[in-house]
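Contents: one structure, followed by commentary.
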Amino acid sequence: MIETLQHLPPAADSHGALAAQFTDLAPALTARQAAIEAARCLYCYDAPCTRACPTGIDVASFIRNIHDQNVTGAAVGILKQNIFGGSCARVCPTEILCEDACVRNNAAEREPVKIGLLQRHAIDNAGFTSHPFMRAPSTGKTVAVVGAGPAGLSCAHRLAMLGHDVVVFEARPKAGGLNEYGIARYKLPGDFAQQEVDFLLSVGGIDIQYGQALGDELQLRDLHTRFDAVFLGLGLGASRRLGLVGEDAPGLMAATDYIAALRQAGDLSRLPVPRRAIVVGAGNTAIDMAVQLKRLGADEVTLVYRRGYEAMSATGHEIEIAKLNGVRIRTWASPLEVLLDDSGRVAGMRFEETRMDDGRLARTGAFIDIAADAVFKAIGQAIAPPPQLDELAQGLWQDGERIRVDAGLRTAVPGIYAGGDCVALGQDLTVQAVQHGKLAALAIHNDIQAGTAWPT
């Protein structure tokens with residue numbers, strides 16, 4: 001996965017020193033801090049924070065439980081709506097969702113209630129002796145879920161709660177999807193992602209089969225025949241290309257591949273780390289990549305985007321994290337050419353300056369060369385193409401890069417549902433994927449009960 005960087009030297013510090021750079025981004029609240037913060041909540045009727053939460057967590061209710069010293073009750077309320085409440089408390093962009101909607105978020109108050117940290121406090125300190133939710137009586141139905149990421153596992157958990165048996169097919173050796181392989185290590189440190197998966201599976205009724213990829217070991221038409229319903233939580237596994245000569249040269253790779261290797265690394269000191277690096281992109285993945293390179297010891301990391309700050313999809317909070325970690329951000333520059341050394345390896349990148357001209361992005365004819373030992377592209381991902389020999393799958397990939405679904409996450413084929421990043425809904429957030437899985441499970445359950453979900 002990281003073979004293209006093997007000519008680079010390993011990290012200059014020890015594993016222990018580097019691991020210290022990948023602890024929680026924000027420290028947890030103490031019990032006293034949580035009590036004081038919970039007291040700031042006004043417990044609004046028809047609370048705007050709840051309306052802003054993609055999973056519909058009753059924010060005011062769980063914060064009141066914390067205030068009343070019922071932390072376990074607060075956690076149950078969160079998990080009832082979002083079984084990934086622990087990871088979402090850490091990675092969800094609360095600054096543009098619930099906390100942005102908080103009525104305390106005004107000039108006089110200066111800051112909203114720290115909803116994300118309170119949610120984390122509730123989940124981390126809940127006193128569960130067993131799984132908090134009981135399964136309904138068995139329906140005798142079995143549902144296939146393809147993909148063990150937040151969407152697939154959320155769907156599986158809700159289906160299990162409703163009494164169905166679930167078989168999850170996962171291509172990789174671990175479950176968790178984006179949480180396990182794609183989130184910055186300082187956002188979900190240690191083995192938190194796997195602990196959350198283990199907790200989710202303890203509800204029972206869910207079997208995960210690893211090394212099972214759609215199109216290789218699995219055929220959608222076979223799943224459609226064998227199971228009472230199928231949910232596709234495929235995520236976005238294909239990195240977009242820059243379309244430049246030299247894109248396959250040693251030293252250039254997808255940011256998501258490096259992040260995955262970093263998250264799975266048992267010894268951080270063995271990771272190849274460039275002294276100078278370029279990250280091309282403007283989203284949270286680009287920020288994650290750039291910040292982690294700095295924390296691994298890179299001297300210079302430059303994030304380059306073809307438009308201005310106001311057009312960056314990364315939140316203002318994420319951009320500030322990059323700046324605080326010493327990442328240089330260069331806007332209004334579009335990738336033009338990969339620069340190579342005499343050995344054919346990446347030596348930098350040439351960019352052309354851009355500007356807005358009558359509302360359209362225009363090139364200026366001025367060029368910028370940035371030297372680098374490695375270039376990481378974080379320009380977005382696309383769903384992998386459907387298996388060529390699976391006509392049923394071919395029929396679902398009908399909307400360009402995503403699978404088209406209705407409000408109930410139903411695809412064009414009865415009995416097949418899809419959610420998460422592979423569908424054209426929402427903002428490609430973990431919390432949105434969790435909600436898709438939950439809504440799809442409810443639709444599957446209702447359709448099975450009505451007899452409309454069975455393959456025809």
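The values are calculated or read from the model by the stated rules, or taken from the named source; none is laboratory data. Only a predicted model underlies this, so the values are computations on that prediction, with no experimental measurement involved. Here the Cβ is made from the backbone with ideal geometry for all residues, glycine too, and neighbour counts use every protein chain on show. Surface accessibility is based on the protein's heavy atoms, side chains included, excluding ligands, DNA and RNA. Shrake-Rupley method; radii C 1.70, N 1.55, O 1.52, S 1.80 Å.
Kindly provide the set of residues from segment 4-23 that are touching a residue at least 12 places away in the same chain (Cβ under 8 Å), open to solvent by 60 Å² or more (accessible area, probe 1.4 Å) and closer than 22 Å to Val91 by Cα, ordered by number.
Answer for segment 4-23, where residues must be touching a residue at least 12 places away in the same chain (Cβ under 8 Å), open to solvent by 60 Å² or more (accessible area, probe 1.4 Å) and closer than 22 Å to Val91 by Cα: Gln21, Thr23.
How many residues does segment 197-212 hold that are more than 15 Å from His157 (Cα to Cα) and either open to solvent by less than 50 Å² (accessible area, probe 1.4 Å) or in a helix (DSSP H, G or I) (or both)?
Of the residues in segment 197-212, the ones more than 15 Å from His157 (Cα to Cα) are 209-212.
Next, only the ones that are either open to solvent by less than 50 Å² (accessible area, probe 1.4 Å) or in a helix (DSSP H, G or I) (or both) stay: 211-212.
Number of matching residues: 2.
Given (1) under 25 Å from the mean Cα position of the chain (by Cα); (2) within 27 Å of Ala443 (Cβ to Cβ); (3) modelled with pLDDT of 95 or more; (4) not β-branched (Val, Ile, Thr), where does Asp228 come up short, assuming only one miss?
(1)
Residues Gly297, Gly246: which one is touching a strand residue (DSSP E or B) at 6+ places or on another chain (Cβ under 9 Å) and open to solvent by 10 Å² or more (accessible area, probe 1.4 Å)? Quick ask: steps written out before the conclusion?
Working: Gly297 fails: touching a strand residue (DSSP E or B) at 6+ places or on another chain (Cβ under 9 Å).
Just one listed residue meets the conditions, Gly246.
Look at segment 213-231 and say how many of its residues are open to solvent by 50 Å² or more (accessible area, probe 1.4 Å) and assigned to a helix (DSSP H, G or I).
Looking only at that region, the number is 4.
Taking the options Ala89, Ala52, Ala122, name whichever one is modelled with pLDDT of 95 or more, among the aliphatic types (A, V, I, L, M) and in contact with a Leu (Cβ under 6 Å, 6 or more places away or on another chain). Reasoning before the result, please.
On the way: Ala89 fails: in contact with a Leu (Cβ under 6 Å, 6 or more places away or on another chain); Ala122 fails: in contact with a Leu (Cβ under 6 Å, 6 or more places away or on another chain).
Ala52 is the lone residue from the list that is modelled with pLDDT of 95 or more, among the aliphatic types (A, V, I, L, M) and in contact with a Leu (Cβ under 6 Å, 6 or more places away or on another chain).
Consider only pairs whose beta carbons are under 9 Å apart and that are at least six residues apart or on different chains; among these, list those whose first residue lies in segment 290-306 and is closer than 20 Å to Ala333 by Cβ and outside any helix (DSSP H, G or I) and whose second residue is at pLDDT below 95 and open to solvent by 40 Å² or more (accessible area, probe 1.4 Å).
Note: pairs meeting the criteria are Tyr305/Ala311; Arg306/Leu361.
The rows are residues; the columns are (1) farther than 30 Å from Ala238 by Cβ; (2) modelled with pLDDT of 95 or more; (3) open to solvent by 60 Å² or more (accessible area, probe 1.4 Å).
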position	(1), (2), (3)
Ile2	no, no, no
Leu25	no, no, yes
Glu37	yes, yes, no
Asp68	yes, yes, yes
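What are the residues in segment 345-363 that are open to solvent by less than 80 Å² (accessible area, probe 1.4 Å) and at pLDDT 95 or above, if any?
Here is the first cut: in segment 345-363, the ones open to solvent by less than 80 Å² (accessible area, probe 1.4 Å) are 346-354, 357, 359, 361-362.
Matches in segment 345-363: Val346, Ala347, Gly348, Met349, Arg350, Phe351, Glu352, Glu353, Thr354.
Could you go through segment 348-368 and let me know if any residue there is touching a Gly at 6+ places or on another chain (Cβ under 6 Å) and free of Cβ contacts under 8 Å to residues at least 40 places away in the same chain. Step through it out loud before you land on a result.
The first filter runs over segment 348-368 and keeps only residues touching a Gly at 6+ places or on another chain (Cβ under 6 Å), leaving none.
No - not one qualifying residue is present in segment 348-368.
Report whether or not Leu234 is open to solvent by 40 Å² or more (accessible area, probe 1.4 Å), of a type in the set (A, V, I, L, M) and closer than 26 Å to Phe376 by Cα. Even if it seems obvious, please write down each step before you answer.
On the way: open to solvent by 40 Å² or more (accessible area, probe 1.4 Å): yes; of a type in the set (A, V, I, L, M): yes; closer than 26 Å to Phe376 by Cα: yes.
When the stated conditions are applied, Leu234 passes them.
Identify, by number, the condition in (1) of a type in the set (A, V, I, L, M, F, W, C); (2) in contact with a Lys or Arg (Cβ under 8 Å, 6 or more places away or on another chain); (3) in a loop (DSSP other than H, G, I, E, B) that Ile370 doesn't meet.
Evaluating Ile370 over (1) of a type in the set (A, V, I, L, M, F, W, C); (2) in contact with a Lys or Arg (Cβ under 8 Å, 6 or more places away or on another chain); (3) in a loop (DSSP other than H, G, I, E, B) leaves (3) as the failure.
Within segment 140-163, does at least one residue satisfy the condition of being free of Cβ contacts under 8 Å to residues at least 60 places away in the same chain, open to solvent by less than 30 Å² (accessible area, probe 1.4 Å) and among the aliphatic types (A, V, I, L, M)?
For segment 140-163, residues free of Cβ contacts under 8 Å to residues at least 60 places away in the same chain, open to solvent by less than 30 Å² (accessible area, probe 1.4 Å) and among the aliphatic types (A, V, I, L, M): present.
Please identify the pairs in which a residue from segment 27-51 that is farther than 18 Å from Cys98 by Cβ has its Cβ atom under 7 Å from the Cβ atom of a residue that is of a type outside the set (Val, Ile, Thr) and open to solvent by less than 30 Å² (accessible area, probe 1.4 Å), counting only partners at least 6 apart or on another chain.
Partner pairs satisfying both residue conditions: Ala28/Arg120; Ala28/His121.
Looking at segment 327-344 only, could you name the residues that are within 31 Å of the chain's Cα centre (by Cα) and open to solvent by 70 Å² or more (accessible area, probe 1.4 Å)? Steps first, please.
Within segment 327-344, the first condition is being within 31 Å of the chain's Cα centre (by Cα), and the residues that meet it are 327-338.
Listed by number, the residues that qualify are Arg328, Arg330, Trp332, Glu337.
Could you tell me which residue of segment 394-422 is modelled with the lowest pLDDT, considering only residues that are open to solvent by less than 40 Å² (accessible area, probe 1.4 Å) and among the aliphatic types (A, V, I, L, M)?
Filtering first and then ranking leaves Leu396.
What number goes with the only condition from (1) touching a strand residue (DSSP E or B) at 6+ places or on another chain (Cβ under 9 Å); (2) modelled with pLDDT under 95; (3) open to solvent by 30 Å² or more (accessible area, probe 1.4 Å); (4) not in a helix (DSSP H, G or I) that Thr285 does not pass?
Thr285 satisfies all of (1) touching a strand residue (DSSP E or B) at 6+ places or on another chain (Cβ under 9 Å); (2) modelled with pLDDT under 95; (3) open to solvent by 30 Å² or more (accessible area, probe 1.4 Å); (4) not in a helix (DSSP H, G or I) except (4).
Quick check on my filter: what residues within segment 304-324 are open to solvent by 30 Å² or more (accessible area, probe 1.4 Å) and closer than 21 Å to Ala254 by Cα?
Narrowing segment 304-324 to residues open to solvent by 30 Å² or more (accessible area, probe 1.4 Å): 305-307, 309-311, 313, 316-317, 320, 323-324.
Selection gives Tyr305, Arg306, Arg307, Ser313.
From the list Ala136, Ala156, exactly one residue is in a loop (DSSP other than H, G, I, E, B) and at pLDDT 95 or above. Which is it?
Numbers: Ala156 fails: in a loop (DSSP other than H, G, I, E, B).
Criteria check complete, one pass: Ala136.
Can you confirm whether segment 373-393 contains a residue that is open to solvent by less than 70 Å² (accessible area, probe 1.4 Å), at pLDDT 95 or above and among the aliphatic types (A, V, I, L, M)? Talk me through it step by step, then tell me what you get.
Of segment 373-393, the ones open to solvent by less than 70 Å² (accessible area, probe 1.4 Å) are 373-384, 386-387, 390, 392-393.
Now drop any that are not at pLDDT 95 or above, which leaves 373-377.
Checking which are among the aliphatic types (A, V, I, L, M) leaves us with 374-375.
Checked segment 373-393: at least one residue is open to solvent by less than 70 Å² (accessible area, probe 1.4 Å), at pLDDT 95 or above and among the aliphatic types (A, V, I, L, M).
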